[in-house]
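The structure appears right after this line, and notes come after that.
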Amino acid sequence: DIHITLGSNERDGKQVLCHELAHFFGRRNWHHNKRFWLLLKELLDHFGLNTQEYREREAEYVGKSANYL
């Protein structure tokens, strides 16, 4: 199950959704590894979302993201 709680910021909501889709489409053992971040980058690019902005936000959460986004 995936539960997503979104605020009122549509852009953040789209970024969160892409993050969760990367978990859904990735394999179970991809939890925040290189392949996960590369898939997430593809999703962000596909939906026209700013990868740099996302990287800066996620770097506080998971340092690995800066290596792959």
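Scoring PHE36 on the criteria (1) of a type outside the set (Lys, Arg); (2) at pLDDT 75 or above; (3) not in a helix (DSSP H, G or I) leaves a single failure, condition (3).
If I filter segment 58-67 for residues that are surrounded by 12 or more Cβ atoms within 10 Å (Cβ to Cβ), in a loop (DSSP other than H, G, I, E, B), at pLDDT below 70 and in contact with a helix residue (DSSP H, G or I) (Cβ under 8 Å, 6 or more places away or on another chain), do I get at least one hit? Checked against the condition, which is being surrounded by 12 or more Cβ atoms within 10 Å (Cβ to Cβ), in a loop (DSSP other than H, G, I, E, B), at pLDDT below 70 and in contact with a helix residue (DSSP H, G or I) (Cβ under 8 Å, 6 or more places away or on another chain), segment 58-67 yields at least one hit. Looking only at segment 12-32, residues that are at pLDDT below 85, surrounded by fewer than 14 Cβ atoms within 10 Å (Cβ to Cβ) and either within 12 Å of the chain's Cα centre (by Cα) or part of a loop (DSSP other than H, G, I, E, B) (or both) come to 2 in all.
The values are calculated or read from the model by the stated rules, or taken from the named source; none is laboratory data. Quantities reported herein were computed from a predicted structural model and do not represent experimental measurements. Don't worry about glycine lacking a Cβ; one is built from the backbone with ideal geometry, like all the others, and counts go over all protein chains shown.
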